[in-house]
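The values are calculated or read from the model by the stated rules, or taken from the named source; none is laboratory data. This one's a predicted model, so the numbers in the text were calculated from it and none came from an experiment. Quick reminder, even Gly has a Cβ in these numbers, built from the backbone with ideal geometry, and neighbours come from all protein chains shown.
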Amino acid sequence: MNTAKLEVPEMVPVLIVGGGPVGLGLSLELAYRGIRCMLIDQGDGVVRLSKMGHVSVRSMEHCRRWGVAEAVRNCGFPTDYPLNQIFCTSLNGQHVATIEYPSIADEPSGNFSPEKKQRCPQLWFDPILARAAEATEEVMVRYDSRLVEFSQDADGVTAVIEDTHTGQRGEVRAQYMVACDGSGSAVRRALGIVLQGDAVLSYSTGIYFTASDLLKHHKMGPGTRYWMIGEEGTWGNLTVVDAKDIWRLTITGSKEKVEAKDFDADAWLRRCLGRDDIEYSITAVLPWRRSRLVADRFGEGRVFLAGDACHVNAPNGGYGMNTGLGDAVDIGWKLAAVLQGWGGPGLLDSYEIERKPVAQRNVDAAAINFGLTRPAVSYAHVEEDGPEGEVTRERLAAAMTANTRQEWETYGVHLGYRYEGSPIVIADGTAEPEDHLSDYVPIARPGHRAPHIELADGSSILDLFGQGFVLLCFGDIDATSVNRWVNAAAERHIPLKIEPIGDTAAASLYACRNVLVRPDGHVAWRGDVLDFDAGEVLDIVAGRTGSIDGYCPEADKLSGAAA
């Protein structure tokens, strides 16, 4: 080993381990809040394979705050490419069904968000985030650097980092560390944190390949995913990457472990293509394990886990990376608040309380989606011409199209999650609405994402949120009461902005005269009156004092006439 010392900063506020989309997203969240951080990754920063391609509408809202949404929208994926789901026996075999979904350009602008979901393969998404991070003054990105070991005490974390090329090592002191180092997280293992759930839903294999202008060589038409069906059932799926030459074929597999030496990638690929004369080049063949797992803890002391390090999703539905970005935003604003001196000790404690139920919900939904792609009906004769094959395909078409809506219509998953029972959310006594994974009903109930509405000037109300807390005041403002809020926030150095909203539609949607929105865009409190101790509310939502069962001690008065 090279004994020369690796040059690293002696102290950073936050050390991020792992430079995938979650680690990069966290670095941007911290930079947005003026917090310096160092991100290390043992890779070279080049993304060679696209394991994800779906950027959810909520993730796009985060990208909007970070200033990268336009780059994601213009990443290179054709906006006129239909996002259909196609079920077939091969690209040149029997057609079973098509669920038509519009292209990004043709998808109507929804009432739910100023953004739309995007197709942006990881080949492009990660570099967009990396360029933005490297362009900030707050983020230091170091590739080819691995975490060797770490220890923590009451005041911070000491990490030993090694240059993977030279072997040189250096020691970094950080106030906090966040591990975004994937499902095999070395940090998680070092902390003795275990993953709980189903370790094996199936052993699958990804075949990454290129085939020039593949759409010209098959008869199924453009789609974002092609489900491959044989008499044994759904055996795989072909996923679009760049909508032209780059593709990923996933062989579903079973609970029997796949041995690479026994896997014939060419045979599976030829079966998918349905013709032997289509030229292709295999980039990589990667066996992997489809799981449903959530960590029993999301951190210990000054070290936290985010993304796949604390929840492992089946890819069905594209929830994994998007859930991870939600983790990054939640822990990011809370770390910033504590480092800036206005966040209390309860703020960081609330990270696991808020995010673990969301992670469990999403890994469960993905596992259900996986099961729905394999309906328990007969697949006999599905690949045959003639009446028997037609009857089978009609039966499968009905089952497949009915089963897969949850996986592809996901407003509920991405916008409808809520932080029920959070100690930094003041409940208003209203009943929790149904948590529907497909359908989303906008609501400004405490714990929920503050809903989007377009204001009179054409802007989104979401653009008011981000830097500190925002008190939305609908209707006439009680200047005396508002001043008490401003003074209480100033005394505690809590960033607070007062936003008068004269829009009657917005007032109706938010359902109370006053709504307090957190830096992450979730509602912290709402009520019709302000004539109480504002400091008590601010202490709770900033984690400075505890609440009882999610309620403020003056809950009845604070809830006002919330609808």
- May I ask you to verify whether residue 499 is of a type in the set (Asp, Glu) and either assigned by TED's automatic domain parsing to the domain that holds residue 63 or assigned to a strand (DSSP E or B) (or both)? yes
- Being in contact with a Gly (Cβ under 9 Å, 6 or more places away or on another chain) and at pLDDT below 95 is the filter here, so list the residues in the range 293-315 that pass it. 313, 314
- Query: Can you pull out the residues in the range 466-496 that are part of a helix (DSSP H, G or I) and over 20 Å from residue 520 (Cβ atoms)?
  - Reply: 479, 480, 481, 482, 483, 484, 486, 487, 488, 490, 491
- Message: So for the range 265-283 (the condition being within 30 Å of residue 196 (Cβ to Cβ) and either outside the structural domain of residue 124 (by TED's automatic domain parsing) or touching a residue at least 40 places away in the same chain (Cβ under 8 Å) (or both)), does at least one residue qualify?
- Response: no
- Message: among the polar types (S, T, N, Q) and over 28 Å from residue 83 (Cα atoms): is that true of residue 164 in this structure?
- Response: yes
- Count of residues meeting criterion [in contact with a His (Cβ under 9 Å, 6 or more places away or on another chain), in contact (Cβ under 8 Å) with a residue 60 or more places away in the chain and farther than 18 Å from residue 35 by Cβ] in the range 333-357: 2
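For (1) under 30 Å from residue 275 (Cα atoms); (2) in contact (Cβ under 8 Å) with a residue 12 or more places away in the chain; (3) out of contact with any Ser or Thr (no Cβ under 9 Å at 6 or more places or on another chain); (4) surrounded by fewer than 22 Cβ atoms within 10 Å (Cβ to Cβ), each residue gets a yes or a no:
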position	(1), (2), (3), (4)
6	no, yes, no, yes
20	no, yes, yes, no
29	no, yes, yes, no
37	no, yes, no, no
58	no, yes, no, no
62	no, yes, yes, no
- Note on the structure: Contact list, first residue from the range 392-409 and farther than 14 Å from residue 89 by Cβ, second anywhere and β-branched (Val, Ile, Thr), beta-carbon distance below 6 Å, six or more apart or interchain, is 395/377; 399/377; 401/99
- Note on the structure: Filtering helices (runs of 4 or more DSSP H) wholly in the range 352-420 for at least 1 residues that are within 14 Å of the chain's Cα centre (by Cα) and farther than 20 Å from residue 252 by Cα gives 411-415
- Matching residues, the range 57-77, being polar (S, T, N, Q) and closer than 16 Å to residue 22 by Cα: 59
- Message: Given the condition outside the structural domain of residue 447 (by TED's automatic domain parsing) and under 22 Å from residue 50 (Cβ atoms), answer yes or no: does some residue in the range 341-363 qualify?
- Response: yes
- Message: Can you name every one of the strands (runs of 3 or more DSSP E) wholly within the range 238-321 that holds 2 or more residues which are surrounded by fewer than 23 Cβ atoms within 10 Å (Cβ to Cβ) and of a type in the set (S, T, N, Q)?
- Response: 246-254, 281-295
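Condition check ((1) surrounded by fewer than 16 Cβ atoms within 10 Å (Cβ to Cβ); (2) farther than 22 Å from residue 59 by Cβ; (3) in contact with a helix residue (DSSP H, G or I) (Cβ under 8 Å, 6 or more places away or on another chain)) across all residues:
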| position | (1), (2), (3) |
| --- | --- |
| 370 | no, no, no |
| 377 | yes, yes, yes |
| 385 | yes, yes, no |
| 389 | no, yes, no |
| 392 | no, yes, no |
| 416 | no, no, no |
| 422 | no, no, yes |
- If you check 452, 436, which single one turns out to be under 30 Å from the mean Cα position of the chain (by Cα), outside any helix (DSSP H, G or I) and at pLDDT 95 or above? 452
- From the residues in the range 125-135 that are under 30 Å from residue 451 (Cβ atoms) and more than 15 Å from the chain's Cα centre (by Cα), which one is surrounded by the most Cβ atoms within 10 Å (Cβ to Cβ)? 133
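Every residue, every condition in (1) more than 27 Å from residue 145 (Cα to Cα); (2) among the charged types (D, E, K, R); (3) in the same structural domain as residue 318 (by TED's automatic domain parsing); (4) touching a Pro at 6+ places or on another chain (Cβ under 6 Å), yes or no:
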| residue | (1), (2), (3), (4) |
| --- | --- |
| 5 | no, yes, no, no |
| 56 | yes, no, yes, no |
| 63 | no, no, yes, no |
| 68 | no, no, yes, no |
- Query: Has the range 287-298 got at least one residue that is of a type in the set (Asp, Glu) and over 24 Å from residue 183 (Cβ atoms)?
  - Reply: no
- Which listed residue, of 463, 457, 428, is over 30 Å from residue 492 (Cα atoms) and either not hydroxyl-bearing (Ser, Thr, Tyr) or not in a loop (DSSP other than H, G, I, E, B) (or both): 457
- Query: Out of curiosity, is residue 398 of a type in the set (A, V, I, L, M, F, W, C), surrounded by fewer than 17 Cβ atoms within 10 Å (Cβ to Cβ) and within 15 Å of residue 447 (Cα to Cα)?
  - Reply: no
- Listed by range, strands (runs of 3 or more DSSP E) wholly within the range 153-236 having at least 3 residues that are over 30 Å from residue 104 (Cβ atoms) are 157-163, 169-179, 195-210
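Conditions (1) closer than 15 Å to residue 423 by Cα; (2) assigned by TED's automatic domain parsing to the domain that holds residue 428; (3) within 32 Å of the chain's Cα centre (by Cα); (4) at pLDDT below 95, marked per residue:
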| residue | (1), (2), (3), (4) |
| --- | --- |
| 468 | no, yes, yes, no |
| 485 | no, yes, no, no |
| 525 | yes, yes, yes, no |
| 529 | no, yes, no, yes |
